[in-house]
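What follows is calculated from the coordinates using simple rules that are stated; it is not laboratory data. Fair warning: this is a prediction, and the values are worked out from it, not measured in the lab. Don't worry about glycine lacking a Cβ; one is built from the backbone with ideal geometry, like all the others, and counts go over all protein chains shown.
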Amino acid sequence: MSDLLWMSGMGQGLHGRSAAGSVRSASADNQALESRENIRELRHQVERLSLLNQALWELIRDKAGLTDADLERMAKEIDLRDGTEDGKMGGGAVTCPTCLRVSNAKHYKCLYCGELFAKPAFG
């Protein structure tokens, strides 16, 4: 029966949809592969940064006579700067020293008067 559909041209629409479906499927497969590769690279970067942070902390701790409690205390202080204790740095608000208007800390320039804010060393 399907041979008759193909011979009469009625099966062509089915074939076209199947080809389009194959293209979408291949595209989805490529996106999934790229996403997996991106995740693998991000994991590698996080592991590398964790290693470097640990090495830096141990050097600083030993050279400056600090303790792990000192590090924890400072981490909590920095965490609370945005008003939320959530284990991460937030972008809070910054007051422009020129026009005294409040801007988002993500911006390094006042949205109102154009004053340049001091950029943090990290972040």
At a threshold of 8 angstrom on Cα-Cα distance, excluding pairs fewer than six apart, so keeping six or more, what relative contact order does region 25-123 reach in percent? 10 percent
Net charge of Cβ neighbours under 14 Å - reference R61; Lys, Arg +1; Asp, Glu -1: -3
The summed charge of the D70 Cβ neighbourhood (under 14 Å; Lys/Arg +1, Asp/Glu -1) stands at -1
